[in-house]
Amino acid sequence: MQPSWMLLVIIAMATANPITVTSKNISKGDKNLFVQKFFKATFFQAAMFCANIGMELVSCNNQREFDEVNEYLIKTVPRDELIEYWSAGVKIEPMKFGWMNTGLPVDLPGMWGPGEPNNIGNEECLEFSVKGKTGRLYMNDANCSVRNYFICQNKV
Ligand SMILES: [Ca+2]
């Protein structure tokens, strides 16, 4: 089955029977996190999927929130993998990003990957890259049409 068809089927299923977010997928902190690793989606599809289950794409308004997401994600990433996830970050002006859900600027100095943001290929959306080997979460500007896994959140 093509990924786009799979997404439509899953969205249709979610519409008919809202997904129950279980404790298996959730991190408890200031917010609930739902890490979606079952299928990949564009940034816009990911935002719609989160909204469909009563959540929103993840944002990190300070270093503590970023560290909490990092701490949770590294437990889920095999040591030899690099996995990218969509966040709620979008470009608001050249080389400046904001969180679509809060309207606040992305203010996490030192949390960009090496050489990022570099805007290679119309990169308007912000992804989190988790390297299992380093156990570190980095931010990268990426093309919004790329299909990634993604992370939804809601407040506790
Ligand atoms: Ca980039």
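Could you list, ordered by first residue, the pairs with Cβ atoms under 8 Å in which the first is in region 37-54 and over 20 Å from Asn140 (Cα atoms) and assigned to a helix (DSSP H, G or I) and the second is at pLDDT 95 or above and of a type in the set (Gly, Ala, Ser), at least 6 apart or interchain?
That search, which allows pairs on different chains as well, returns Phe49/Ala41.
What residue, of Val77, Val156, Val90, is within 18 Å of Met55 (Cα to Cα), among the aliphatic types (A, V, I, L, M) and modelled with pLDDT under 95?
None of the other options fit; the residue is Val156.
Would you check if Asn140 is within 14 Å of the ligand (Cβ to nearest atom) and either within 19 Å of Leu33 (Cβ to Cβ) or modelled with pLDDT of 95 or more (or both)?
Against the criterion (within 14 Å of the ligand (Cβ to nearest atom) and either within 19 Å of Leu33 (Cβ to Cβ) or modelled with pLDDT of 95 or more (or both)), Asn140 qualifies.
Look at region 130-148 and say how many of its residues are charged (D, E, K, R) and not in a loop (DSSP other than H, G, I, E, B).
3
Return only the number of the condition from (1) modelled with pLDDT under 95; (2) over 16 Å from Lys31 (Cβ atoms); (3) surrounded by fewer than 13 Cβ atoms within 10 Å (Cβ to Cβ); (4) not polar (S, T, N, Q) that Gly132 does not satisfy.
Evaluating Gly132 over (1) modelled with pLDDT under 95; (2) over 16 Å from Lys31 (Cβ atoms); (3) surrounded by fewer than 13 Cβ atoms within 10 Å (Cβ to Cβ); (4) not polar (S, T, N, Q) leaves (3) as the failure.
Do the conditions hold for Leu33, that is, is it at pLDDT 75 or above, under 17 Å from the mean Cα position of the chain (by Cα) and surrounded by 13 or more Cβ atoms within 10 Å (Cβ to Cβ)?
Answer is yes for this residue.
Would you please list the contacts, defined by Cβ atoms under 6 Å and residues six or more apart or on different chains, that run from a residue in region 110-124 that is on the phi < 0 side of the Ramachandran plot and among the charged types (D, E, K, R) to a residue that is more than 8 Å from the ligand (Cβ to nearest atom) and assigned to a loop (DSSP other than H, G, I, E, B)?
So the pair list comes out as Glu123/Asn143; Glu124/Cys144.
This table checks each residue for (1) away from the ligand (no atom under 13 Å from the Cβ); (2) outside any loop (DSSP other than H, G, I, E, B).
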position: Trp86; (1), (2): yes, yes
position: Ile92; (1), (2): yes, yes
position: Gly103; (1), (2): yes, no
position: Pro109; (1), (2): yes, no
position: Asn122; (1), (2): no, no
position: Phe128; (1), (2): no, yes
position: Phe150; (1), (2): yes, yes
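Give the number of residues within region 111-120 that are of a type in the set (A, V, I, L, M, F, W, C) and either away from the ligand (no atom under 14 Å from the Cβ) or within 22 Å of Gln153 (Cβ to Cβ) (or both).
Total satisfying the criteria: 2.
Here's a check for you: in region 73-84, which residue that is hydrophobic (A, V, I, L, M, F, W, C) and more than 15 Å from the ligand (Cβ to nearest atom) is surrounded by the most Cβ atoms within 10 Å (Cβ to Cβ)?
Leu73
Exactly one condition in (1) surrounded by fewer than 18 Cβ atoms within 10 Å (Cβ to Cβ); (2) within 12 Å of the chain's Cα centre (by Cα); (3) farther than 16 Å from Tyr149 by Cα is false for Phe44; which is it?
All conditions are met except number (3).
Going by what's in this entry, would Leu57 be described as away from the ligand (no atom under 16 Å from the Cβ), more than 15 Å from the chain's Cα centre (by Cα) and either surrounded by 18 or more Cβ atoms within 10 Å (Cβ to Cβ) or aliphatic (A, V, I, L, M) (or both)?
no
The values are calculated or read from the model by the stated rules, or taken from the named source; none is laboratory data. Bear in mind that the values here come from a model prediction, so they are computed numbers and not experimental data. Here Cβ is always computed from backbone atoms with ideal geometry, including for glycine, and neighbour counts include all displayed protein chains.
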